[in-house]
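Asks: I'd like to ask some things about the structure below.
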Amino acid sequence: MSLKKAEYFADREFPIGEVDDKVFSSFTEHLGRCIYSGLYEPGHPEADEQGFRKDTIKLVRELGIPLVRYPGGNFVSCFDWTDSIGPKKNRPKRMDYAWASVETNEFGLDEFVDWCRKAGCEPMMAVNLGTDSIRSAGYLVEYCNHPGGTYWSDLRIKNGHKEPYHIKYWCLGNEMEGPWQAGHLDAEDYAKKALEAAKIMRWVDPTIRLIASGSSYEMLPSYLEWDRKILLELYDSIDYLSTHAYYMNKNNSVGTTNFLASYKQLDTHLRGTQSALDFVQAKLRKKKTIQICLDEWNVWNFSDIVLDNMDDLAGMTTFKMTSAQPWEIAPSILEEKYSLLDALTLGGLSITLLKHSDRVKIACLAQLVNVIAPITTKRNGGILKQSTYYPFLLISKYARGIVVKSVVRAPEYESMYGRLPVVEAVTVHNEKENMVTIFALNCDQQEDVEFHAELGHFGKIALKQHIVLDGSDLSACNTFQHPDRVVPREVKIGAGEAKGLRTMLPKLSWNVLRYSTEKK
Ligand code: AHR
């Protein structure tokens, strides 16, 4: 039987765009156990003097996360940030309507900024444009970024933070298109509110960068039309347009093949967002280009949400939980257990993300810990790297540089997105280190594929490292008892392969191929 072959061409002379470090960002929401017992657990053996879990911080540092979005998500649209500052004993317990939980406010804005400093990342804040006012958004920027001498900035100083936080990235609300969002608006009303909020926020601090809440859910009738409408009003006032993308295979609803092919749907999704941006830029005859902020992306199987597929979101006015009683404090909800298949799918999505490096300049894996996350912690217990931790770690480590154009010629498979080549790949050139890295997903479920790389204009190349994520059981998950069921492995590079151009991609595998190149 002859081997399946994939021919892959990538050329140094055809750059797509530089990978922005901020595409390796993440997201923490006051939701379930993300904050409480994820980031913060006073009394835990790993807790520092502020109650921050040092084991979580260690992994966040290992992942090299530059920016963390906070405090939501749907949560932000019910949140009064002033509840979360000042002496802890005075902070109110509130009903969080978004997730039907009780928020103690024990961990708040100042704690989050302190946590970010310790974890080596920058905070990215979302303001509540659902149930709160534009004035409150201005006050929040003043509290965070104004040096002092005014009510809110002096309050920050009184709360122990003399230096302003200089928070640069601000989201103007969250998923405001969705009927499930508290204070959901139609596009016209959102545009008016966001415009006025942006005006005030920039008056307080003209250096901030603003992200408008774009459309995310393809099943909503407003999809993309929302973007067109809001961009026509907001074009001069914003720097990024946000979109979210989650992919699910709940109870195998789409099946292995289609789930793995989610990278194709993310590509369509990002093209859609970009088309709306390009349309409005052209229509308004603007020089300025607005970038895409994919500030929530992940695989999410909705394990404990009463929904069978994303389409059902259209009629929803709330996220219904099954695993928690209403009004618990930090309930264990949305605690997805990620399998090898989920990790491969996430690896595929990351290839698409990188291919859009010319326009996607911020991306936040949603979320960071416990809630649909690559990291799981136990209350008063240990910490676990889920299967999805590894592809995220590897792109964050090695996808630094310029993405170049590439083409693949390979046998095809049938998916719900049409016929696709069995190998999906992207190439990143790190000029400083004279390295080229190819990330390649082999979707073939039966056979290994021989991968031929033609790397134009890189000079003499040599394969230095081949890392593979694969396994015999697609449903395998890492657990506290068996934390290493799904981990990447290093492949021994054969003498022939070291020359660089021919290597085997095991069936159903996500691969990192690292080549040294000649200096130019
Ligand atoms: O990340 C979980 C939720 O997904 C967020 O709160 C919301 O923005 C999205 O729908």
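Asks: Quote the charge dipole size of the chain about the Cα centre in Debye, to the nearest 20; the model charges only the Cβ of Lys and Arg (+1) and of Asp and Glu (-1).
Replies: Values: 62 positive and 68 negative charges, 271 e Å.
Computed charge dipole of the chain: roughly 1300 debye.
Asks: Here is a follow-up. What is the chain's relative contact order, in percent, from Cα pairs under 8 angstrom and six or more apart in sequence?
Replies: On the way: 1208 pairs, mean separation 104.5, N = 520.
Relative contact order of the chain: 20 percent.
Asks: For the chain, what is the calculated [θ] at 222 nm in deg cm²/dmol (nearest 500), taking -39500 (n - 2.57) for each run of four or more DSSP H residues and dividing by its residue count?
Replies: Values: 11 runs with 127 residues, N = 520.
After summing the helix terms and dividing by residue count, I get -7500 deg cm²/dmol.
Asks: Among the aspartates and glutamates, which fall within straight-line cross-link reach of residue 464, defined as a Cα-Cα distance under 14 Å, with same-chain neighbours fewer than 8 residues apart omitted?
Replies: Within the straight-line limit of under 14 Å, residue 464 reaches these aspartates and glutamates: 433, 490, 497, 518.
Asks: Treat every Asp and Glu Cβ in the stretch 370-458 as -1 and every Lys and Arg Cβ as +1, leave all other atoms uncharged, and give the resulting dipole magnitude about the Cα centre to the nearest 20 debye. Write out the running numbers ahead of the final one.
Replies: Numbers: 9 positive and 10 negative charges, 151 e Å.
Approximately 720 debye in magnitude.
Asks: Per residue, how much accessible surface does the stretch 20-398 expose to a 1.4 Å probe? Answer in Å², no decimals.
Replies: Working: 13000 Å² over 379 residues.
So the stretch 20-398 comes to 34 Å² accessible per residue, rounded to a whole number.
Asks: Right, next: Run the quick spin-label model on residue 20 and residue 480: label points 7 Å from Cα toward the beta carbon, then report their separation in nm to one decimal.
Replies: 3.9
Asks: Given labels modelled 7 Å from the Cα in the Cβ direction, how far is it in nm from residue 192 to residue 150?
Replies: 2.5
Asks: Also, quick follow-up: What's the percent breakdown of Cα-Cα distances in the stretch 172-325 across 10 Å bins, shortest bin first?
Replies: Result returned by the calculation: 10, 37, 32, 16, 4, 0.
Asks: Now, a different point. Sorting check: for 444-450, 264-270, which peptide has the highest mean count of neighbouring beta carbons within 10 Å, and how do the rest follow?
Replies: Numbers: 444-450: 16.1, 264-270: 18.7.
Those peptides, ordered most packed to least, come out 264-270, 444-450.
Asks: Let me ask another. Separation of the stretch 20-54 and the stretch 179-254 by C-alpha centroid, Å?
Replies: 26
Asks: Could you check how much of the accessible area of the stretch 20-398 is carbon and sulfur, as a whole percent, using a 1.4 Å probe? Walk me through the intermediate numbers first.
Replies: Working: 6640 of 13000 Å².
The value for the stretch 20-398 is 51 percent carbon and sulfur by accessible area.
Asks: Checking the table 229/288; 199/264; 58/199; 89/378; 264/405 against a 28 Å threshold on Cα-Cα, which pairs fail? Don't skip to the end; give the middle numbers.
Replies: Details: 229/288 18 Å; 199/264 37 Å; 58/199 38 Å; 89/378 26 Å; 264/405 17 Å.
In this structure, 199/264; 58/199 exceed 28 Å between Cα atoms.
Asks: Let me ask another. To the nearest whole percent, what portion of all C-alpha pairs in the stretch 389-520 is separated by more than 23 angstrom?
Replies: On the way: 3056 of 8646 pairs.
Every Cα pair in the stretch 389-520 considered, those over 23 Å come to 35 percent.
Asks: If amide hydrogens are placed 1.01 Å from N in the peptide plane, which non-local residues have theirs closer than 5 Å to the one on residue 485?
Replies: Placed amide hydrogens put 479 under 5 Å from residue 485.
Asks: Which helices, taking whole DSSP H runs in the chain, have alpha carbons extending 30 angstrom or more along the helix axis plus mean Kyte-Doolittle at least -1.0?
Replies: Details: long enough: 262-283 (31 Å, -0.71).
For the chain, where a helix must reach 30 Å along its axis and average at least -1.0, the hits are 262-283.
Asks: Let me ask another. Suppose accessible area is computed on protein heavy atoms with a 1.4 Å probe; arrange 416, 176 from highest to lowest. Walk me through the numbers on the way to the answer.
Replies: Working: 416 110, 176 0 Å².
I get 416, 176, largest accessible area first.
Asks: Could you let me know the centre-to-centre spacing of the stretch 412-461 and the stretch 358-396, using Cα atoms, in angstrom?
Replies: 24
Asks: Dimensions of the stretch 200-246 along principal axes (Cα, Å, largest first)?
Replies: For the stretch 200-246, the Cα spread along each principal axis is 37, 23, 13 Å.
Asks: Separate question: If the viscosity is 1.002 mPa s and the temperature 20 °C, what Stokes-Einstein diffusion coefficient in µm²/s follows for the chain when Rh is the Kirkwood radius over Cα pairs? Intermediate values should be presented prior to the final figure.
Replies: On the way: Rh = 23.6 Å.
Result for D is 91 µm²/s.
The values are calculated or read from the model by the stated rules, or taken from the named source; none is laboratory data. Remember, predicted model here, so these are calculated numbers, not experimental data. With ideal geometry, Cβ positions are generated from the backbone for all residues, glycine too; neighbour counts draw on all protein chains shown. Please note that ligands, DNA and RNA were not included when accessible areas were found on the heavy atoms of the full protein model with its side chains. Shrake-Rupley method; radii C 1.70, N 1.55, O 1.52, S 1.80 Å.
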